[in-house]
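The block underneath contains the structure these notes are about, expressed in structure tokens.
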Amino acid sequence: PTMAHSKALLVLENFIGGKFVPCSSYIDSYNPSTGDVYCRVPDSGKEEVEAAVKAAKEAFPIWSSKSPLERSQILNKLADLIEHDLEAFAQAESKDQGKTITFARTVDIPRAVHNFRFFASSILHHVTECTEMPAMDCVHYTSRAPVGVAGLISPWNLPLYLLTWKIAPAIACGNTVVAKPSEMTSVTAWMMCKLLEKAGVPPGVVNVVFGTGAKAGEALVCHPDVPLISFTGSTLTAQRITERSAPHCKRLSLELGGKNPAIIFDDADLSQCIPTTVRSSFANQGEICLCTSRIFVQRGIYSEFLKRFVAEAKKWKTGNPSDPTTDVGALISKEHLEKVRNYVKKAQAEGARVLCGEGVDPLALPPGNQKGYFMLPTVITEVKDESCCMQEEIFGPVTCVVPFDTEEEVIKRANGVKYGLAATVWSGNVGRVHRVAHRLQSGLVWTNCWLVRDLNLPFGGMKASGIGREGAKDSYEFFTEVKTITIKH
């Protein structure tokens, strides 16, 4: 790019040891709603990661020796500072990621603030165990200590939300961190770095290295002085992380994809079920690991459900993310849009019917968004369970609706994929709800609702949806090392 061109662009820098550090090479980051380059992101590698790990190691003794209360106060201060700039963060997240300004304002940024407050509070309430053996004159107790430098790798779909879901527990427990956000959505992480000093976070406690998974991510995962890796992203990348970290016996927390079913029985309250299932299918352009992409509807209500569901889906407005009336923003990248479209094409080639959305309805975009990566909410039916659209994570505004007859059959079909992250069950029969929830191979089951989260409780998936759990107790256990101490008196 010419100098004049690059002057207008936002240029990010790595944050290492409490200072912003320029990088020798950069990657272009696009505004998904216009298709234009709007930001340059450091293309970090081994050297930058090395410097960040060194800074984190040096900061560890001081940070880990602070009391939980001191760390809690700093986390709360950081939450206040982000909340104070909520609008600026929301604008940046929407522009960088393509999500609607409404979603960024009401979901992403408030949740990032809540992540810090939640772990600032929970760190004060953990207790350790103690047992006595009077016959042996012994007492046993456990103590927990931070592990060291945590490597945190977060994705592009909920950028600040998922980054803070890792940083907050890691530093609350007394670890220091080297974080690598997605190179496609790095702006809000960089903005957060500007607030760390003011919040009282000592230099080196939080380091952020920007770049690709192949270079920066790889260097972090392979670093011998990073004993923990927390990763949210694709199952394929997780396999690579597992292989690369195996020689170092690293502790891993992997939150991966989903192919989440909704099971809708004929006694479901459709007035609640339909709007919620439209939301669970298309919120954030379907780019949430918890989105519903397989909808099983009992045959008695199948045609009514389909008619009402498609009518609701068609009401969702796709367009400029900064327009507060928009429901569906832009997908993350040109490549990703192409991938999602190809799934719809494959379904059609297999004989499935597309009832609304991609290739069926006209997509009218404002003049400034003609080159953006947009797609209408798309509903596919008459699709076989073996189809790639029913087996693979599409991660876009696409959902498949199919009929079923019996409870036994639908459980088997819902479990018939490699993933097991989330599921939703809709029924007015409380016995059935419990029965089905117990038999679904899924880390999370919502009944008659979706995405209602209590951060105290374990979050994570089964099968190819991940390893480990995150939550108040679970994150504490992951980010600390437990020691059993026996005293004979």
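The values are calculated or read from the model by the stated rules, or taken from the named source; none is laboratory data. Computed from a predicted model, the values in this text were never measured in an experiment. FYI the Cβ positions are ideal-geometry reconstructions off the backbone, even for glycines, and counts take in every protein chain you see. Calculation scope for accessible area: heavy atoms of the full protein, side chains included, ligands and nucleic acids excluded. Shrake-Rupley method; radii C 1.70, N 1.55, O 1.52, S 1.80 Å.
Quick notes on this one:
- The label-point distance for Val139 and Lys473, in a model that sets each label 7 Å from Cα toward Cβ, rounds to 2.4 nm.
- Cβ-defined net charge surrounding Pro377, 15 Å radius [Lys, Arg +1; Asp, Glu -1]: +2
- In this structure, the residue pairs whose Cα-Cα separation is over 25 Å, taken from Lys463/Lys483; Lys19/Lys46; Lys346/Lys418; Lys57/Lys215; Lys259/Lys412; Lys54/Lys250, are Lys463/Lys483.
- Peptide ranges 440-448, 94-102, 226-234 listed from the most packed, as the mean C-beta count within 10 angstrom indicates: 94-102, 226-234, 440-448
- Rounded Å value of the spacing that divides the Cα centres of the range 285-345 and the range 84-111: 20
- The gain in end-to-end length when the Ser303 to Glu243 segment is fully stretched comes to 16.9 nm, 0.36 nm per residue minus the alpha carbon separation.
- Solvent-accessible surface of the chain, averaged per residue with a 1.4 angstrom probe and all protein chains in place: 41 square angstrom.
- Beta bridge orientation in the range 353-446: antiparallel %, DSSP, nearest 5: 30
- Label point at Lys66 placed 7 Å out along Cα→Cβ; residues across the range 173-214 whose backbone nitrogen lies under 13 Å: 173-177, 196-207
- Dipole of the range 106-209, positive end: most advanced residue of Pro110, Trp165, Ser122 [Cβ charges, Cα centre]: Pro110
- Helix axis angle, 86-97 relative to the chain longest principal axis, alpha carbon, degrees: 60
- Principal-axis tilt of helix 334-349 within the chain, Cα atoms, nearest 10 degrees: 40
- For the range 260-447, with +1 on Lys and Arg beta carbons and -1 on Asp and Glu, the positive-most of Val417, Pro397, Ile332 along the dipole: Ile332
- Note: relative contact order over the range 260-447, using C-alpha pairs below 8 Å and six or more positions apart, is 29 percent.
- CD proxy at 222 nm, helix term only [per DSSP H run n ≥ 4: -39500 (n - 2.57); per residue of the chain; nearest 500]: -11500 deg cm²/dmol
- Label-point separation, Val430 to Lys198 (7 Å along Cα→Cβ), nm: 5.0
- Net charge dipole, the range 5-51: roughly 160 debye, given to the nearest 20, about the Cα centre with Cβ charges of +1 for Lys and Arg and -1 for Asp and Glu.
- In the range 354-421, GluC sites (Glu not before Pro) in a DSSP loop with at most 14 other beta-carbon atoms within 10 Å: Glu386
- Highest-first arrangement of 190-197, 427-434, where packing means the average Cβ count within 10 Å: 190-197, 427-434
- Gap separating the Cα centres of the range 134-191 and the range 263-284, nearest whole Å: 34
- Carbon + sulfur, % of accessible area of the chain - ligands and nucleic acids excluded, 1.4 Å: 56
- Long-range amide H partners of Ser465 with built H, under 5 Å: Gly420
- Think of each Lys and Arg Cβ as +1 and each Asp and Glu Cβ as -1; about the Cα centre, that makes the dipole of the range 260-447 roughly 200 debye.
- Using the average count of surrounding beta-carbon atoms within 10 Å as a protection proxy, the listed peptides 74-83, 158-167 rank, highest first, as 158-167, 74-83.
- Most simply put, the chain has about 45% antiparallel DSSP beta bridges, counting only bridges with both residues inside it.
- Given a 1.4 Å probe and the protein chains as shown, Leu290 ends up with an accessible area of around 10 Å².
- The value of relative contact order for the chain, using C-alpha pairs under 8 Å at least six residues apart, is 19 percent.
- Cα gyration tensor shape for the range 159-247, rounded if a/c is under 1.5, else prolate or oblate: prolate
- For the chain, a simple Cβ point-charge model (Lys and Arg +1, Asp and Glu -1, everything else neutral) yields a dipole of about 160 debye relative to the Cα centre.
- Percent antiparallel among DSSP beta bridges (both partners in the range 260-447, rounded to 5): 10
- Label assignment, Kirkwood radius over Cα pairs in Å derived from the structure, set (i) 28.2; (ii) 23.6; (iii) 24.4: (ii)
- Calculated FRET efficiency for the pair Leu86/Val37, C-beta based, R₀ 35 Å, to 0.05: 0.85
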